[in-house]
Amino acid sequence: GGAGGTASLTCLQAQYHGEIYETGSLLNEAAFDLSGGDGGSSVGGDGGSLSMVTVPCSNPAATVVNNGAINISGGDGHAGGSGGTCTIQSAGDVSVYGSIDTGGGEADGPATNGGDGGTISIGALSTYAERGITIGTSIAASGGTGDIGGNGAAVTFTTYGDFRCAGRIEARGGNARENAANGGTGGTVTVNGPPSDYFSVFNNSAAIDVSGGSGFSGGDSGGLNVQFYGEITNTGNIDASGGDSSGNTGAGGVGANGTVTMSALGYYDLINRGTITCDGGEATGVNATGGGSASVVLTATSQVINSGNIVARGGESTASASAQGGTVQLTSGGVLFTTNNARLISVRGGDGAALLNHGHIIIDLLEIFVEDGTVP
C-alpha cells in the first residue's frame with residue numbers, strides 16, 4: 001500500500017495591519033485522512049504526517065483549535081504499516097475536539113508484524129498560554145494486531161498553562177494472534193507541566209490505556225509520567241497492565257514497565273480518584289510464567305489524597321514461580337500526611353509457587369507490611 005501524504009498548517013506571527021490586529025490563530029474544521037493504503041498481499045503503507053503550528057509570539061490570542069477528525073494510521077496488509085506523526089503546537093492555548101488516530105495497521109501474513117503506532121505531540125509552548133491544553137476527544141497511538149503485535153507510541157503533552165482532558169488516550173501494544181508470537185509493548189503518555197508556578201491546574205477524567213498486547217508471550221506495558229507545577233486531580237482510570245501469555249513456556253508482560261508516576265510540584269495537592277491497574281500479564285500455557293509489576297508513584301509537595309484503587313500484582317503462572325508484585329508509593333511532602341481512602345491497594349505476588357513474591361506498599365516513607373500483599 002502507498003504511504004499517506006503530508007499536510008502542514010502554519011499560522012504566522014500576529015501583526016498590526018492598519019488598525020486591525022491579526023491574532024495569528026488557527027481554527028481547523030476539516031477532517032484529515034493521511035492514512036497509509038491497504039496492501040492486500042503486500043505491506044500496508046505507512047501513515048503520513050500532519051503539523052498544525054502557530055509561530056511563537058507575545059500574543060495570548062494566538063491559539064490552535066482543531067475540530068476535525070485526524071486519521072494518520074498505517075494501512076493493513078501482509079504486514080501492517082506504521083502510523084504517522086501528528087504535531088499540534090501553539091504560542092497560546094490548544095484545544096483538540098476532533099479525534100486523532102496514528103495507530104499501526106493490522107497484519108494478516110504469517111510471521112509478520114502489526115504496524116507500530118505513530119507519535120503524537122501537543123504543546124502550548126509559551127507563558128501566554130492561559131488555559132493551556134484542552135482535550136475533549138479520543139487520541140490513539142496503538143500498535144496493530146499481527147502474528148507479532150505492533151508497539152504503541154509516545155503521546156506527549158507540554159503546557160505552560162492548564163491541562164484538561166475529558167476524552168480517552170490509548171497507546172496499547174498490539175495483540176499477537178494466539179500462539180503465534182509476542183504481543184507489542186505499550187507506549188508512554190507524558191504530561192510536562194509548567195516549569196515554575198503559573199497557578200496552573202491538571203484535571204484529567206480521561207481513561208488512559210498503555211497496556212501491553214497479548215500473545216505467545218505478552219508485551220510489556222508502557223508508562224504514564226505527569227510532572228506538573230500545580231494541583232493535580234485525576235478521576236480517569238489508568239491501565240498499564242502487562243499483556244497476557246497463551247503460549248507454552250511463554251511469559252506475561254510486565255505491568256507499569258515504564259512506571260506510572262504523577263508528581264504535583266510546588267506547594268500543591270495531588271488528588272486521585274481513578275482506578276490504577278498495573279498488573280503483570282497472566283500466563284495460561286504449559287510451564288509459563290506470569291509477568292511482574294514495576295511501580296506506581298504518587299507524590300505531592302503538599303498532600304496526596306487518594307481514594308482510587310491501585311493494583312500492581314504479579315500475574316498468575318503455570319510454572320513453579322511467583323511473579324513479583326510491584327511497588328506502590330504515596331508520598332506527601334507538606335505538613336499534612338497522605339490521606340488514603342481507597343478500598344484496595346494490592347501488590348500481591350502471582351500464584352505459581354508456595355511462597356508468593358509480594359511487592360511493597362510505602363506511604364509517607366513508611367512501608368506497610370501485610371501478609372497477603374493487600375491493604376486493607
Fill in the blank from the handout: Between [x] 1.68; [y] 1.40; [z] 1.04, the structure-derived Cα Rg over 2.2 N^0.38 Å is [z]
Practice task
Considering the options Q89, A107, T338, tell which one lies farthest towards the positive end of the dipole of the chain, charges being +1 on Lys and Arg and -1 on Asp and Glu at the Cβ, about the Cα centre.
Solution key: T338
Exercise for the section: Using R₀ = 30 Å, calculate the FRET efficiency as 1/(1 + (r/R₀)^6) where r is the Cβ-Cβ separation of L27 and R273; round to 0.05. Expected result: 0.30
Fill in the blank from the handout: Taking alpha-carbon centroids only, the range 112-156 lies from the range 297-376 a number of Å equal to 29
Exercise for the section: Any chance you could check the Cα centroid distance between the range 185-216 and the range 26-44 for me, in angstrom? Expected result: 25
Handout entry: Virtual spin-label span in nm between T6 and N179, 7 Å along Cα→Cβ
Key = 4.6
Problem - Net dipole in debye of the chain [+1 Lys, Arg Cβ; -1 Asp, Glu Cβ; about Cα centre; nearest 20] - result: 420
Completion exercise
Expected vector for the range 69-83, Karplus 3J(HN,Hα) from phi with 6.51, -1.76, 1.60 and θ = phi - 60°, integer Hz, x for Gly and Pro, equals 5, 10, 10, 10, 6, x, x, 7, x, 3, 10, x, x, 7, x
Practice task
State the answer as a single residue: which of T145, Y160, S73 lies farthest towards the positive end of the charge dipole of the chain, with beta carbon charges of +1 for Lys and Arg and -1 for Asp and Glu, about the Cα centre.
Solution key: Y160
Completion exercise
Karplus-derived 3J(HN,Hα) from phi for the range 32-42 (6.51 cos²θ - 1.76 cosθ + 1.60, θ = phi - 60°), whole Hz, x at Gly and Pro, runs 10, 10, 10, 6, x, x, 5, x, x, 7, 10
Fill in the blank from the handout: Hits in the range 278-321: amide N under 15 Å from the 7 Å Cα→Cβ extension of R343, namely 307-311
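Read-outs throughout are calculated quantities, based only on the coordinates presented, and are distinct from any laboratory measurement. These numbers were taken from a predicted model, which means no experiment stands behind them. Ideal geometry is used to build each Cβ from the backbone, glycine not excepted, and the neighbour counts take in all protein chains shown.
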